[in-house]
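Visitor: For reference, the structure I am asking about is given below.
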Amino acid sequence: MDNLWSHVTDFIDHERLMAMVRAALILGVGVVLAKTASVSIQRIFGRHMTAHHVMLIRRLAFYLLLLLFSVSALHELGFDLSIVLGAAGILSVAIGFASQTSASNLISGLFLIGERPFSVGDIIKVGDTTGEVLSIDLLSVKLRTYDNLYVRLPNESLIKSEVTTLTKFPIRRLDLLIGVAYKEDINKVRDVLTAVASKDPLCLEEPKPLFIFLGFGESSIDLQFSLWTKRENFIAFKTSVQIEIKQAFDQNGIEIPFPHRTLYTGSVTDPFPVRVVAAARDDKH
Amino acid sequence: MVKQVMEEKIAHKVEPVTVVKNNTLIWWGEFSFSDGQALRWRIGPLSIHILRLSREWRLGYQRCETTDDSAVDVERARPTDPAAVPDVQNRFVFRRTTDTLWLMPTLADRSVVARPVSPFYVPPGEETVLFVSSPLWVQISANYNRQPLESTPIVRPSDTWFGPSTREGELCYASTTHCRLTLEELPIRPHRAVTPVQIINRATESLLVERINLPVIYLSLYSAEPGQLWTDMVTITREALDENASLRLHKRPPPQAGEASLLCEPQLHADKGILSRAFSALFS
């Protein structure tokens, strides 16, 4: 029993164990300090800076402090830092090759945060995906789409591709492409469309609606009618104004033509010759 | 079935209402309701149906499409069928409803952009007074000092943008107004408020007035006989040298209104009563 006790005390007195305890303490203090610093940064800068800038500074401070304390803990355990750093250098080359995509995303993330094409809460459109920005992280941007799906977009793809921020400016223009029949009086069509625009309260009076004669289409005269509305009303306005245009066209007898083909026989006056094949076959019987 | 019985029960309780003033154009004020009573207001194109039940208020609205709002008929607190269901109906529930309800006119919650029928010039050194009318909202409160239950526009004005570009500017309401120059031409319209706008041009160039941005959120609302609503007078001075214009709010009923009483405080208080704005922020 005495023998066992002496073994235990020998072990406790051992320099190595004490070093381990000290290292653990340093690491523990480091974690607490890093967390406190992170919370303090949120409090100090939260009011003056944008959400993602604060988030970036918080993370930077947290990991920097943690790294310093970890290095110090390793030193306490007796690791020679120059060897550790040397090994880390070789390792970083290997990791660099292996994590090329992550590194690219990381750098792209930093550029995105610096450039600020959008911020948390904006609605953006990337390729076919449209959604609200939930967070801008170092590796990716997270979106919530309108059908309530969570989409993760790698930062690298955002830097490379075209990103449209739908909520940058307070008003938006709705471009309607309208085709009317060739027989219609274009001035009347213009008046009807203008009347619809001025009647709809969601349609902005200024900037004025834009009427463009696009050209002579295959089946219709192609027109563009562009209207301005408040950003938040865009979808509701898109629906309401098109219903109103259809109703106004119906009331005024303006035709929206279907695509059609005219078969022309070579002369304006001659009728198109029609031969009833079935009747001829009946005669033979 | 239960609902039908309840509605029949309510229908028998219709009683006449106490009228605050005899003026037929005044539609605002305090109104008393007995339990189960329904009353109807008509202010121009808007019909308001209000039904009081023991534990809830039902506020209903109906709008008729009208393009001509120059002639306005006002019908106040007429008993109506409690079972009638308007196009829009909102319910507000209470522990127990009180017997009074307030209907008050308020000004728009954004600036109003007035466009004269045809633009005009104010030559250097000249001044003029325009009468600009702006749309009103009906604010319904169960208690005078409390948060209103609801606010609805009498005529929903069209939105408009006022600013140098589509990136910079302010979202406003567009007011279809004639910007009349004489008081005699001004029709009495109890569903719109009139603001006398004095324009003084101290610059060396003529001032072209096409659109005026009127910050109605800083204005008080006054009622005057015979049912016309007025706001504070506003003086816009174009300064001689710089590109600024000063906007002075007089903070009292305009002299043109005659005897007037305060109905509604401004939604925002301007600190000095004088707002200095870029010239382009007031005229375009």
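Since every read-out is calculated from the coordinates, none of them should be taken as a lab result. What you see is a predicted model, and the numbers here were worked out from it, not measured in a lab. Note: ideal-geometry Cβ built from the backbone for every residue, glycine included; neighbour counts use all protein chains shown.
Visitor: In region A:178-202, how many are within 30 Å of B:N213 (Cβ to Cβ), in contact (Cβ under 8 Å) with a residue 12 or more places away in the chain and touching a Pro at 6+ places or on another chain (Cβ under 7 Å)? First the steps, then the outcome.
Guide: Going through region A:178-202, the residues within 30 Å of B:N213 (Cβ to Cβ) turn out to be A:190-191, A:193-202.
Filter once more, so that each one left must be in contact (Cβ under 8 Å) with a residue 12 or more places away in the chain: A:190, A:193-197, A:199-200, A:202.
With touching a Pro at 6+ places or on another chain (Cβ under 7 Å) added as a condition, the list becomes A:194, A:197.
Of the residues in that region, 2 qualify.
Visitor: Return the residue satisfying two criteria in turn: it lies in region B:153-208 and is among the small types (G, A, S) and over 23 Å from B:L107 (Cβ atoms), and of such residues it is nearest to the other protein chains (Cβ to nearest Cβ).
Guide: Going residue by residue through region B:153-208, those that are among the small types (G, A, S) are B:158, B:163, B:165, B:169, B:174-175, B:193, B:203, B:206.
If we keep only those that are over 23 Å from B:L107 (Cβ atoms) too, we end up with B:165, B:203, B:206.
Details: B:S165: 9, B:A203: 24, B:S206: 22 Å.
Looking at residues that are among the small types (G, A, S) and over 23 Å from B:L107 (Cβ atoms), I get B:S165.
Visitor: Considering only residues that are β-branched (V, I, T) and either under 10 Å from the mean Cα position of the chain (by Cα) or closer than 17 Å to A:K160 by Cβ (or both), which ones fall in region A:91-138?
Guide: A:T101, A:I107, A:I113, A:I123, A:I124, A:V126, A:T129, A:T130, A:V133, A:I136
Visitor: Another question about this same structure. Criterion first (among the β-branched types (V, I, T) and closer than 25 Å to B:T182 by Cβ) does B:V93 satisfy it? Step through it out loud before you land on a result.
Guide: Numbers: among the β-branched types (V, I, T): yes; closer than 25 Å to B:T182 by Cβ: no.
Spelling it out, it is not the case that B:V93 is among the β-branched types (V, I, T) and closer than 25 Å to B:T182 by Cβ.
Matching residues to (1) under 27 Å from A:P117 (Cα atoms); (2) in contact with a Leu (Cβ under 8 Å, 6 or more places away or on another chain); (3) of a type in the set (D, E); (4) away from chain B (no Cβ under 12 Å):
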site	(1), (2), (3), (4)
A:L138	yes, yes, no, yes
A:T145	yes, no, no, yes
A:V192	no, no, no, yes
A:K230	yes, yes, no, no
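Visitor: If you scan region B:151-204, which residues turn out to be charged (D, E, K, R), closer than 24 Å to B:Q256 by Cβ and buried (at least 19 other Cβ atoms within 10 Å of the Cβ)?
Guide: Here is the first cut: in region B:151-204, the residues charged (D, E, K, R) are B:156, B:159, B:167-168, B:170, B:180, B:184-185, B:189, B:192, B:202.
Then keep just the ones that are closer than 24 Å to B:Q256 by Cβ; that gives B:180, B:184-185, B:189, B:192, B:202.
Result: B:R189, B:R192.
Visitor: So in region A:190-226, with the set limited to residues that are of a type in the set (S, T, N, Q) and in a helix (DSSP H, G or I), which one is nearest to B:G163 (Cα to Cα)?
Guide: Step one: of region A:190-226, the residues of a type in the set (S, T, N, Q) are A:194, A:198, A:219-220, A:224, A:226.
Okay, now just the ones that are also in a helix (DSSP H, G or I), so A:194, A:198.
Numbers: A:T194: 22, A:S198: 20 Å.
Only one residue tops the list, namely A:S198.
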